[in-house]
Amino acid sequence: MHRQSLDGCWEFRGGGSRDWMPATVPGCVHTDLLSLKRIPDPFVGDNERLVQWVAESDFEYRKVFDAEDGLLAEERLYLECDGLDTIATLYLNGRRIGQADNMFVRWRFDVSGLVKERDNELIVRFTSPLKYTRPRMKVEPLISPSMSIPGAPYIRKAPYQFGWDWGPKLPTMGIWRSVRLCGYSLARIEDVHIRQMHTRSKVVLTARVLLERYEHAPIRLVMRVTSPDGDVDESMSELKVSDTVSTLVAEITKPKLWYPRGYGEQPLYNVTIEALSNGTLLDAVSFRIGLRTLKLVQKPDRYGNSFTFVVNGIPIFCKGANWIPADIFPSRVSRQRYEQLLKSAAEANFNMLRVWGGGIYEDEVFYDLCDELGILVWHDFMFSCSVYPGDDEFIENVVREAVDNIRRIRHHPCLALWCGNNEMEWGWVEWGWSGHLSSKHKENYDKLFHNILPKVCAREDPDTPYWASSPSSGTPFVDPNGESSGDGHYWEVWHGMVPFTEYRKHFHRFVSEFGFQSLPHIETIRTFADEKDLNLTSYVMEYHQRHPRGNELMITYLARTFRLPKDFESLIYLTQVLQAEAIRCGVEHWRRNRHRVSGTLYWQLNDCWQVASWSSIDYFGRWKALHYAAKRFYAPVLLSAEEDGKRVQLHITNDTLNKFEGLVRWSLETLNGDTIECGEKEVEVAPQSSGRFLNLNFSRLINEENERRVVLVYELLCDEERMSMCTVNFVPPKHLELEPPEISFTVNEGDEVFTVVLSAKSLAKFVWLYLPGYDVVFSDNCFDLPAGRTVTIAITKIKGLTARAIERKLRIKSLIDSYA
């Protein structure tokens with residue numbers, strides 16, 4: 001066995017140029033042109049328009065290399081390409097070795113006898129994706145999102161690169177994942193499928209190993225399972241000279257089980273499988289697994305049918321968001337960037353992410369980090385909002401894609417669900433597709449998502465549930481976005497312009513999409529816009545708003561809720577507060593009804609460029625107000641308020657596996673802190689439950705004369721420590737008679753963090769802290785600070801940041817500063 005990486009320095013040419021230019025693999029045409037300054041940054045201004053020629057052009061990549069010592073001694077040589085984007089023909093030393101037509105597939109080409117000791121030339125020629133799709137669209141146009149370049153359904157390539165209502169139109173080409181030469185003798189390991197059987201006291205692992213043989217020879221398979229504590233269990237199997245399949249078994253006593261975040265620990269076991277002949281290592285593969293059971297329970301109840309993920313026998317309330325690719329050019333997404341985004345999700349109490357079907361099957365590091373952090377993954381196949389072909393060649397390509405990615409990902413304990421597509425069943429039922437297309441297209445859909453893919457999943461990964469579409473009721477083409485069964489996407493808040501409180505009228509069994517837009521931070525905006533463009537309706541700002549009604553909807557909701565902002569930065573602040581309030585209203589409602597609703601995944605966690613969008617973290621990893629709010633509304637124990645006029649119900653939701661005992665304290669008070677009425681109540685909340693604990697009626701205390709000057713402050717305490725503090729106002733925030741809160745603060749330095757202790761003389765709504773010049777994450781932000789209370793905020797120490805710098809540079813604003 002010998003592996004030689006071909007990553008690193010390559011050459012490329014195209015777009016009318018005959019000269020070879022330096023390139024980097026993994027990468028893509030756009031990133032290579034950008035590094036050479038052959039194109040402007042497409043993320044700045046409207047430069048995207050100036051680089052459209054790239055997607056219209058063909059390109060080729062070349063690498064000249066010498067074979068490493070020992071490689072040519074192997075019996076078989078393969079060129080292994082983890083990702084070719086997308087329509088490619090490959091040549092080695094002048095010989096055509098194969099073609100690729102799927103961005104999502106790992107390709108392997110037999111190059112035995114073609115590799116020389118010196119001066120090998122490998123060429124990969126890419127055809128423009130638009131040249132590939134355009135003639136097919138002329139023969140038979142297919143539906144895809146209106147804001148995208150037509151034709152994406154015809155090519156197995158990341159759909160979002162053709163444009164979405166949050167992304168640019170930049171379909172690229174290139175070698176976007178690693179490339180290597182691999183040499184084998186006698187045999188190689190083709191596939192390993194690890195399964196688990198759980199009993200009370202042990203877990204039995206079986207590993208079905210499939211070999212690709214080149215000669216008849218006895219082969220020994222060895223499996224080593226290393227526990228989190230370092231204990232090693234070894235098993236082996238002897239294969240006869242012609243056997244290609246064998247099953248290895250390991251018995252783990254006293255197993256350490258893997259749990260989603262918030263329900264237990266995430267211990268991981270390492271599994272290594274080796275193929276040997278006469279003591280010589282032929283091939284080896286390694287996996288990292290977690291021991292757990294997972295079921296999707298759909299059980300009849302008085303509301304219809306449940307939709308609950310159950311891990312190790314524990315029903316999980318799923319809390320999280322939808323994940324899109326972290327860059328329009330995914331080869332740029334580093335491990336550090338994955339870590340920053342996923343650790344931010346974990347810090348906000350996420351236990352699930354949905355890998356959305358318009359993106360990509362993510363890099364291995366994504367799933368590794370989700371395993372470590374206890375974040376379950378709802379995984380769409382890469383189909384979204386479109387009508388796809390159904391011919392045999394297309395289906396064969398899709399099956400190859402599904403098999404390859406299932407085999408790559410299925411061993412990860414984070415994997416919770418395979419989902420066929422995003423919103424396509426909804427499209428057939430409610431978007432009018434049936435009226436525009438022949439019946440064969442609906443039949444093709446039915447065949448692929450209700451027949452072919454479920455069979456592939458059942459064969460390749462029977463331990464992970466399959467779900468045909470999102471949203472879906474589970475019955476094909478029947479009430480796909482209904483509330484009695486399956487999952488739902490609720491978009492009337494936003495698209496329908498209904499009030500945030502409309503969330504409270506809906507009870508989808510699992511809410512897998514809902515969202516609200518905001519602007520990114522001013523520092524992010526300044527990376528694509530000049531000072532003269534810092535106006536919501538400037539050309540550049542509208543260019544970085546891809547939803548046709550996005551700015552209109554933000555302003556409409558803003559005018560309902562807040563006073564008009566005094567400047568552009570105040571507008572940014574208000575859109576972020578508005579977004580946080582919208583999603584909070586929905587999540588708190590659904591968590592109050594956890595007996596009926598089993599999960600909420602808001603749209604969306606992240607961005608692929610600098611844009612006005614639904615994300616809670618912007619392109620540069622900066623937390624918006626929503627992400628801070630998510631940390632609060634996804635807290636394991638949540639105190640929430642449901643207001644109705646002058647009445648307020650206080651609910652506690654306990655997602656933990658332990659009984660919660662604490663104290664609810666409330667105060668109806670003026671904005672400057674004078675108490676009108678107050679009270680407190682000791683509470684006990686059963687594990688994994690939610691209930692109403694206080695029903696407050698202030699009808700006799702609040703009237704037209706004082707309603708703009710009073711608020712309810714409610715707090716949750718445990719062992720005399722405050723867990724949360726929020727407020728309810730009885731008029732829209734724009735009508736509150738706020739006064740300058742005169743916020744004061746002190747800074748203290750600890751071993752690992754700085755603490756900032758804040759207080760105010762009158763109510764400060766939506767307090768926002770920021771440190772110009774430092775991208776820090778505060779322990780909390782965008783919170784209410786009532787008069788007479790203190791709030792302590794922690795800042796993790798970073799290089800160059802001192803207590804004195806915080807005292808000097810910390811900026812604090814609240815709602816009144818947006819207009820006064």
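The values are calculated or read from the model by the stated rules, or taken from the named source; none is laboratory data. It should be emphasised that the depicted structure is a prediction, and the values quoted were computed from it without experimental measurement. Cβ: placed from backbone, ideal geometry, glycine included. Neighbour counts: every protein chain shown. In case anyone asks, the SASA skips ligands and DNA or RNA and just uses the protein heavy atoms, side chains included. Shrake-Rupley method; radii C 1.70, N 1.55, O 1.52, S 1.80 Å.
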* Structure fact -> By the Kirkwood definition, with r running over pairs of different Cα atoms, the stretch 1-135 has a hydrodynamic radius in Å of 16.1 Å
* **Computed label-point distance, nm, for sites GLU234 and ASP66 using a 7 Å Cα→Cβ extension** => 3.8 nm
* **Within-10-Å neighbourhood charge of ALA88 [Cβ basis; K, R +1; D, E -1]** => -2
* Could you tell me whether the stretch 135-269 comes out rounded, prolate or oblate from its Cα gyration tensor? Rule is a ≥ b ≥ c as square roots of the eigenvalues, rounded for a/c under 1.5, then prolate if a/b exceeds b/c, otherwise oblate. => oblate
* To do: Note down the net charge around ASP479, summing +1 for each Lys or Arg and -1 for each Asp or Glu among other residues with Cβ under 11 Å from its Cβ.
  => -3
* Asked: Residue by residue, what Karplus-based ³J(HN,Hα) values in Hz, rounded to whole numbers, does the stretch 694-704 have, using 6.51, -1.76 and 1.60 with θ = phi - 60° and x for Gly and Pro?
  -> 9, 10, 9, 10, 10, 4, 7, 9, 10, 9, 4
* Structure fact -> Note: LYS440 to TRP53 extended length (0.36 nm per residue) minus current alpha-carbon separation gives 135.8 nm
* To do: Using only the Cα atoms of the stretch 485-568, build the gyration tensor, take square roots of its eigenvalues as a ≥ b ≥ c, and label the shape rounded, prolate or oblate: rounded if a/c is under 1.5, else prolate if a/b is larger than b/c, else oblate.
  => prolate
* Take the Cα radius of gyration of the chain and divide it by 2.2 N^0.38 Å, with N its residue count; two decimals is plenty. => 1.01
* Amide H neighbours of ASP7 under 5 Å, counting only residues 5+ apart in sequence or on other chains, H built in-plane at 1.01 Å? -> VAL179
* To do: Hey, could you get me the Stokes-Einstein D for the stretch 555-642, Kirkwood radius over alpha-carbon pairs, 4 °C and 1.567 mPa s, rounded to whole µm² s⁻¹?
  => 92 µm²/s
* Pairwise FRET efficiency - ASP751 versus THR253, Cβ, R0 = 35 Å, nearest 0.05 -> 0.30
* Asked: What is the diffusion coefficient of the stretch 676-820 in µm²/s, taking the Kirkwood radius over Cα pairs and the Stokes-Einstein relation at 25 °C with a viscosity of 0.890 mPa s?
  -> 141 µm²/s
* Rule-of-thumb check for the stretch 645-740: C-alpha Rg over 2.2 N^0.38 Å? -> 1.18
* Asked: For the stretch 593-598, what does the Karplus curve 6.51 cos²θ - 1.76 cosθ + 1.60, with θ = phi - 60°, yield as ³J(HN,Hα) per residue in whole Hz, taken in order and with x for Gly and Pro?
  -> 10, 5, 5, 10, 10, 10
* Structure fact -> The answer for GLU677, listing residues at least 5 apart or on another chain whose modeled amide H is closer than 5 Å to its amide H, is LEU668
* **the chain: angle of helix 568-592 to the longest principal axis, Cα-based, in degrees nearest 10** => 90 degrees
* Would you please give the residues with an amide H less than 5 Å from that of ALA187, counting only those at least 5 places away or on a separate chain, with H modeled from the backbone geometry? => TYR214
* Can you tell me the relative contact order of the chain? Whole percent, Cα pairs under 8 Å, sequence separation 6 or more. => 9 percent
* Structure fact -> Of the accessible area of the stretch 52-163, computed with a 1.4 Å probe and all protein chains kept, carbon and sulfur make up a percent value of 46 percent
* Structure fact -> A correct Karplus calculation of ³J(HN,Hα) over the stretch 724-736, with 6.51 cos²θ - 1.76 cosθ + 1.60, θ = phi - 60°, whole Hz and x for Gly and Pro, returns 7, 8, 9, 10, 10, 9, 10, 9, x, x, 5, 9, 5
* Please compute the net charge surrounding GLU677, taking Lys and Arg as +1 and Asp and Glu as -1 over other residues with Cβ under 13 Å from its Cβ. => 0
* C-alpha center-to-center spacing [the stretch 223-280, the stretch 118-185] in angstrom -> 38 Å
* Can you send over the carbon and sulfur percentage of the accessible area for the stretch 627-757, probe radius 1.4 Å, protein chains only? => 42 percent
* By how many nm would the segment from ASN672 to SER538 lengthen if fully extended, with 0.36 nm per residue of separation less the alpha-carbon distance? -> 44.3 nm
* Asked: Rg (Å, one decimal) plus Dmax (Å, integer) for the alpha carbons of the stretch 313-470?
  -> 16.4, 48
* Structure fact -> Per the rule of 0.36 nm per residue minus the C-alpha distance, extending GLN99 to ASN451 adds in nm 123.9 nm
* Sites GLU212 and LYS37 - FRET efficiency at Förster radius 41 Å, r taken between beta-carbons, to 0.05 -> 0.35
* Solvent exposure of the stretch 574-618 as accessible area per residue, Å², 1.4 Å probe -> 11 Å²
* Cβ-Cβ FRET estimate between ASP463 and HIS595, R0 fixed at 25 Å, reported to 0.05 -> 0.35
* Using alpha-carbon coordinates, inclination of helix 392-409 to the longest axis of the chain, degrees -> 70 degrees
* Structure fact -> Taking a ≥ b ≥ c as the square roots of the Cα gyration tensor eigenvalues, with a/c under 1.5 meaning rounded and otherwise prolate when a/b beats b/c or oblate if not, the stretch 317-385 comes out oblate
* In nanometres, what is the gap between the two model label sites at LYS799 and LYS646, each 7 Å from Cα along Cα-to-Cβ? -> 6.0 nm
